[in-house]
Amino acid sequence: MARGTFLVRSVHGGDITAVDAHSDRSFARHAHDEFGVGLMTGGAQYSWSGRGAVEAARGQLITVNPGEVHDGKPIGQARAWSMLYIPARLVGDIVADATEGQIAVRELHQPVVTNRALADLFVQARAAVLNADPARDLGEDLIALFAGLIGTRPLAIGRTDRRISRLREAIDDDPAAAHGLPAMAAQAGFSRFQTLRAFARLTGLTPNAYMVQKRLDLARRRIRRAMPLAETAIEAGFADQSHMHRAFVARYGYTPGQYARAHRVHVANLCKNDPITAH
């Protein structure tokens, strides 16, 4: 008997459906009315699709177009995958942005994609969608992912373009403020995709990643001054303490609480060893 587990979640205001599955089931031919992009996370599968026969294994991306009839069955034992199903309307907006308005909607031509960088982008996009972090602009990862899938190239923008430098300076000056990609792109006079790529070329980070890093820098300074963690999170621009906690652990491997305790011990030791401070 076919067995499996399926976790289905409606996210991003109901626009996107996220599916995580582990199953040995063979699926009858069917179609979805959205674009589907996913990552094989275990095993392998064979499927027939409108773009031909497809074999996909762990680490490869899989795609499906709206209305495309396809099926699926495991190769060997059960396989596992994670999918995002995204409305054509939203994908059209993303692709139009990534192609500087030259293309409104484009079919994804490759049913299987072997590209580690794009697989990593999918993981980031999926995490952003599922976490629904108000400090994270979901568009960054989705734009980069679909731009890679359709093979577009951004208009060249110089590393020293003053408009991009000003965006960085605005984050440096007030990391706790809202710095959404659409507003930043409008300010610079570029598309979101151009802004994303040019900012990363200048700083090594996407605008959102740079903003989070600057918020963490601010949070660490506040923690060293013994500010309570919940208050620190809000002052540094995070939605709440749990969002700050996740960002800390993702980048440093330790929690804000561990960082705070280490500095309390450091200050206590200074006081104990300094007779002037101790008295």
Students often get this wrong, so try it: which of (1) 0.99; (2) 1.09; (3) 1.21 is Cα Rg over 2.2 N^0.38 Å as calculated from the structure shown? (3)
Show that you can apply the helix-only estimate: for the chain, add -39,500 (n - 2.57) for every DSSP H stretch of four or more residues, divide by all residues, and state [θ] at 222 nm to the nearest 500. -14500 deg cm²/dmol
Please turn the phi angles of region 245-259 into ³J(HN,Hα) values with the Karplus equation 6.51 cos²θ - 1.76 cosθ + 1.60 (θ = phi - 60°), one per residue in order, whole Hz, x for glycine and proline. 4, 5, 5, 4, 5, 5, 9, 10, x, 10, 8, x, x, 5, 5
From the gyration tensor of the Cα coordinates in region 1-56, what semi-axes in whole Å does the equivalent ellipsoid have, largest first, with each one equal to sqrt(5λ)? 21, 16, 11
Excluding ligands, DNA and RNA, the carbon-plus-sulfur percentage of the accessible area of region 185-256 with a 1.4 Å probe reads 51
Where does each of 8-15, 176-183, 202-209 land if you order them by average Cβ count within 10 Å, highest first? 202-209, 176-183, 8-15
Accessible area in square angstrom per residue, the chain, 1.4 angstrom probe: 51
Please list, in order along region 108-113, the HN-Hα scalar couplings obtained from phi with the Karplus expression 6.51 cos²θ - 1.76 cosθ + 1.60 (θ = phi - 60°), rounded to whole Hz, x for Gly and Pro. 7, 8, 9, x, 10, 10
Any chance you could check the Cα centroid distance between region 105-126 and region 204-270 for me, in angstrom? 32
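The values are calculated or read from the model by the stated rules, or taken from the named source; none is laboratory data. Nothing here was measured: the structure is a model prediction, and the numbers come from that model. Note that we place each Cβ from the backbone using ideal geometry, even for glycine, and neighbour counts take in every protein chain shown. Only protein heavy atoms, including side chains, enter the accessible area calculation; ligands, DNA and RNA are left aside. Shrake-Rupley method; radii C 1.70, N 1.55, O 1.52, S 1.80 Å.
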